[in-house]
Amino acid sequence: MAGLTVAVVKSRFLLAALVSIVLSGCVTVPDAIKGTSPTPQDDLVRVMNAPQLYVGQEARFGGKVVDIRPEQGKTRLEIATVPLDDGARPILGASSRGRIYADINGFLDPVDFRGQLVTVVGPITGVEDGKVGSATYKYMVMQATGYKRWRVVQQVVMPPQPDPWMWGPRPWGYRYGPGPWGWYSPGPAQVQSVVTE
């Protein structure tokens with residue numbers, strides 16, 4: 001009986017590992033921000049250390065739109081960049097890595113973009129002096145050939161539930177349900193914010 005229990009536990013562990021591998025492989029970059037390069041530049045610090053070396057290279061950056069200015073034939077987004085996850089989504093709560101200007105052909109309404117999370121992809125065109133408040137600041141500038149606006153939603157994450165295969169006494173003395181330790185208490189559900197399409 002103990003051998004069967006160990007076999008069941010091992011098979012459940014392997015199944016859980018396989019599911020997590022499959023699910024992690026499902027994270028894809030949306031078509032709008034895939035770009036043409038298999039590895040667009042995404043290290044703003046490296047680019048700003050020698051910007052002339054990166055002019056013309058494709059880059060992908062994302063973060064929060066702190067300003068948006070419609071101009072003749074284009075819209076300029078000022079983005080406080082943060083690291084991106086494997087799906088090119090800005091990572092919530094991450095510190096800003098610096099600011100960039102992303103020029104997008106056409107008109108984008110400031111009401112729809114100010115304060116929103118975006119990811120942009122396109123060639124780096126250079127650097128430009130600007131201001132953050134009253135401080136001078138050097139911005140990396142790119143011509144965005146694609147962009148994606150993200151939504152932040154709240155989701156409830158339930159704590160792990162007891163495994164029905166684990167009820168009753170076990171050789172290692174661990175059990176769920178009533179017994180000398182009382183009922184299993186997984187704790188309260190958690191609410192977390194996630195970035196999604």
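The values are calculated or read from the model by the stated rules, or taken from the named source; none is laboratory data. Keep in mind that this is a model prediction, so the values were computed, not measured. Note that each Cβ is placed from the backbone with ideal geometry, even for glycine, and that neighbours are counted across all protein chains shown. To get the accessible areas, we keep the full protein, side chains included, count just its heavy atoms, and leave off ligands, DNA and RNA. Shrake-Rupley method; radii C 1.70, N 1.55, O 1.52, S 1.80 Å.
Some observations on this one:
- Overall, segment 64-104 carries a charge dipole of about 80 debye about its Cα centre when +1 sits on the Cβ of Lys and Arg and -1 on the Cβ of Asp and Glu, all other atoms neutral.
- Accessible area per residue in Å² at 1.4 Å probe, computed on segment 25-97: 55 Å²
- Comparing Cα centroids, segment 121-152 and segment 53-72 end up 3 angstrom apart.
- Residues residue 43 and residue 129, FRET efficiency given R0 of 35 Å [Cβ-Cβ distance, rounded to 0.05]: 0.95
- Label separation (residue 193 vs residue 136): 3.5 nm, computed from points 7 Å beyond Cα along the C-beta direction.
- Sum of side-chain charges, residue 155 neighbourhood, beta-carbon under 15 Å (Lys, Arg +1; Asp, Glu -1): +1
- Projected label points at residue 116 and residue 53, each 7 Å from Cα along the beta carbon direction, are separated by 3.5 nanometres.
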